[in-house]
Amino acid sequence: MGNIGEALKAALIAALVTFGLAFPIVALRTDTNLSNQLVLNQRSGLALALAGAAFAVRFVFALLYPAGFVRRAAKPRSEVPPHPYLRYLPRVGLALLLAFPFIALAVASAGGPGILKVVDTYGIQILIYVLLGLGLNIILGLAGLLDLGFVAFYAVGAYCTALLTTTYGFSFWIALPIAGIVAALWGVLISLPVLRLKGDYIAIVTLAFAEIVRLVLVNWVPVTGGYAGLSDIPKPTLFGYSLGPGPDSLWTALSIPYAPIYRLAFMYYLVLALALAAYFVTLRLRTLPVGRAWEALREDEIACRSLGINTVTTKLTAFAAGAFFGGLAGAFFAAHYSFVSPKSFEFLESAMIVAIVVLGGLGSMLGVAIAATAMVGGTELLRELGGLQAVFGSGFDPAQYRMLLFGLAMVVLMVLRPKGLVSTREPSVRLAARPTRGSPAHRPQPAE
Amino acid sequence: MRWQSEPLLVVDHLSMRFGGLVAVKDLSFQVGRGDITALIGPNGAGKTTVFNCITGFYKATSGRIALAHGAAATPDAVDVLTRSDRRRTYGKNPELFLLERMPDHEIAAQARVARTFQNIRLFPGMTVLENLIVAQHKTLMHASGWSIGGLLGLATYRAAERKALELARAWLEVVGLLDRADHPAGELPYGAQRRLEIARAMCTNPVLLCLDEPAAGLNNRESAELTKLLRGIRAQTGVSILLIEHDMSVVMDISDHVVVIEYGTKIADGTAESVKNDPRVIAAYLGVEDEDLAAADRVNADRAPAEEGRGS
Ligand SMILES: Nc1ncnc2c1ncn2[C@@H]1O[C@H](COP(=O)(O)OP(=O)(O)O)[C@@H](O)[C@H]1O
Ligand SMILES: [Mg+2]
């Protein structure tokens, strides 16, 4: 139990802060009236109520936990080998991913949302973010370089594909690797000014870089189409056959009646293959000297240099490799939606990708996959939760509050798991065989 | 005297200025091949700054730092290289390096000077073994064909990695950390972290090992073990050792050669015996020894019970 005076003080501060924040956002609301004019509505009562709620919550909290959250000292992670079942997690996950379109079919026929929507929003969209997350994971998670402008590489890949396939008539399959390589070159380019910088300065420069890329996309109208963007990007073909409807499609050749889900499922498996490739390449890179140098760079740059590691090329390769995957994601994005515009490459996207990597646990690829699923899938799910209307009244539109709920969820997660969802790090090499629970290597050693 | 007849490192008129502060002033000394050389002096004398100049972390304001692989360097050969605008010779014996012209990572990779830090700098989140593998970056990078061969899983890379693991295992045995190989380095007790940092430096296969206060924070037993370890390392590999040390018992015990600096200038240079009796050294340095020792003992007494648990 804490001191009442202190608690009152803390609660008063919380209430003031809440009121200060709520006043411009909540207390003043603009609505359009019947003649389409903006009118200002006062809702100071609501702001006061919020402040009162903050006061009460903070007061009770300060009384119960006067010292705030006390984190228990972390016990040495290495002493606890992973549960044996965890070893099957990747295989189970892979099986689920491969079977996803069929699961979607089951969901759809059980009366859920349509199969196209399930595969598109919960399958393809999440996997695009997984691919982006795996790219940023190399730069931020492994090499520890805070890149707040990762979306620039995504944009470069997307516009590169859009231009190559529309203006120059390349096939998607040629545009895809070119997009990756061009994005990687941009990665090298951005890393040049960043090489001599540390921490926060890297964040600022990369942020500015992404903004420059976006502004170029907006203003270079003859090439990029400005705000209107580029449309009619052709969808990928398979061995020269189109996958859509029409006489020269693969389905006509196989004499199967066309259904839109076929093409969508194909796109799903394509982005899944890209994400898996990124996963396995990263896995391999981690056990190579470059990958170890990235992690060493994150841990201590000065120690790296004292061991003869050229930190300039190490940062450069990290940016290039991460940007490559970002470019692939962009290429896929352009081909899948057939349309690119600067609207898709704003700062919010960068923030989303950073959040995925940080929430997942820096450096953990499994974490990236889980965080992408939770964040992208979760916000989509929130849109559809009609049930919340029963709680908050019929005027409640969950889609409007999803960012708020989402932010709240992030704060809670960061308090409970400050190192992210998956905070264990698998060593890139071991001397002893991997310990499992109950194996002799893990039995407590008798004290010497 | 080996530092005169067969110098490995020749520091000439080295000065380092930070704004108005002259941390090192016109300092000259030599390190003999195969010697254990101690650089001592009161706090703030500029010892760490000298290390940072030798290892390229600071660009010296003026002066020359020459290192020779192979035969002993002749002053003529060093002068020829100095007049050219090159950093090093290629394919000569002795192979000469002008360290003040080289960036830090090249000094480590090409001139083969390894170092440890006054405040330990391990890769705390990586395992003990990984710390030693990262130290072999240059060799492994070569073997992996700058990652391309490694990505394709070429056999040459796998063989190189096996050899790197063997070397790491050998060093873990030397420093007594074999049973901790797969633990995060940051979770080791303090003394073990010091030993790991030395092992990591040795994994780069150096000709000169620079240790910045390796015995700082160790208790008496651990200091004694450290002297044994350093002697063993020199006997086994022939590496020359340059160390900064405050603990005079360690210094007098293992040094072949002692260089004393105060306010950035050298005040004595010679064998441990001759330096110990030099009146200027006694005035400048040994005069504060009692206080230092008392302070160190207090620190050791505080930490001993906590750190003892899992030692070597
Ligand atoms: N990077 C720096 N910038 C400014 N002053 C420095 C820097 N590094 C060292 N110094 C100064 O140089 C002097 C010598 O420091 P140092 O070499 O660390 O002494 P020590 O002999 O205790 O290792 C000190 O006065 C210190 O403040
Ligand atoms: Mg020092």
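A few comments on the model shown:
- As a proxy for reagent exposure, A:SER350, B:SER274 were ordered by neighbouring Cβ count within 10 angstrom, fewest first; the result is B:SER274, A:SER350.
- Spin-label proximity, A:ALA432 to the stretch B:181-223 - amide N less than 19 Å from point 7 Å beyond Cα toward beta carbon: B:181-189, B:192-193, B:196
- Pairwise inverse Cα distances across chain B, averaged and inverted, put the Kirkwood hydrodynamic radius at 20.5 Å.
- Under 18 Å from A:LYS315, Cα to Cα: lysines that are on another chain or at least 8 residues apart: A:LYS198, B:LYS138
- Note on B:ASN220 and A:LEU46: their simple-model spin labels are 7.5 nm apart, each label 7 Å out from Cα toward Cβ.
- Between the stretch A:156-174 and the stretch B:99-142, the alpha-carbon center distance in angstrom: 43 Å
- Max-minus-min Cα coordinates of the stretch A:90-416 on each principal axis give 64, 53, 43 Å, with the largest extent listed first.
- Translational diffusion of the stretch A:84-170, µm² s⁻¹ [Kirkwood Rh, Cα pairs; Stokes-Einstein; 4 °C; 1.567 mPa s]: 81 µm²/s
- DSSP H segments from chain A that extend 24 Å or more along their own axis, Cα-based, with Kyte-Doolittle mean of -0.5 or above: A:4-22, A:44-64, A:172-194, A:199-219, A:260-286, A:311-337, A:398-416
- As computed over the protein assembly as shown, the Cα convex hull volume per residue (Å³): 250 Å³
- Excluding same-chain neighbours fewer than eight residues apart, the lysines reachable from B:LYS276 by a Cα-Cα span under 19 Å are B:LYS47, B:LYS266.
- Normalised Debye scattering of the stretch A:161-206 at q = 0.22, 0.24, 0.25, 0.27 Å⁻¹ gives log10 I(q)/I(0) of -0.71, -0.76, -0.79, -0.86, counting only Cα atoms as equal scatterers and leaving out solvent.
- Of all lysines in the structure, those lying under 23 Å Cα to Cα from A:LYS117, and not within fewer than 8 positions of it along the same chain, are A:LYS235, A:LYS343.
- Computed [θ] at 222 nm, deg cm²/dmol, the protein assembly as shown (DSSP H ≥ 4; -39,500 (n - 2.57); rounded to nearest 500): -16500 deg cm²/dmol
- Beta-bridge orientation, chain A: approximately 90 percent antiparallel, per DSSP, counting only bridges with both partners inside.
- Among A:LEU28, A:LEU404, the order by Cβ neighbours within 10 angstrom, fewest to most, reads A:LEU404, A:LEU28.
- Loop-exposed trypsin sites (Lys or Arg not before Pro) per DSSP, neighbour cap 12 Cβ within 10 angstrom, longest uninterrupted part of chain A: A:199-436
- The ranking of B:TYR157, A:TYR122, A:TYR159, A:TYR269 from fewest to most other beta carbons within 10 Å of each one's beta carbon is A:TYR269, A:TYR122, B:TYR157, A:TYR159.
- Two-decimal Rg to Rh for the stretch B:25-93 - Kirkwood Rh, Cα set: 0.98
No lab work stands behind these numbers, since they all come straight from the coordinates. Bear in mind that the values here come from a model prediction, so they are computed numbers and not experimental data. Ideal geometry is used to build each Cβ from the backbone, glycine not excepted, and the neighbour counts take in all protein chains shown.
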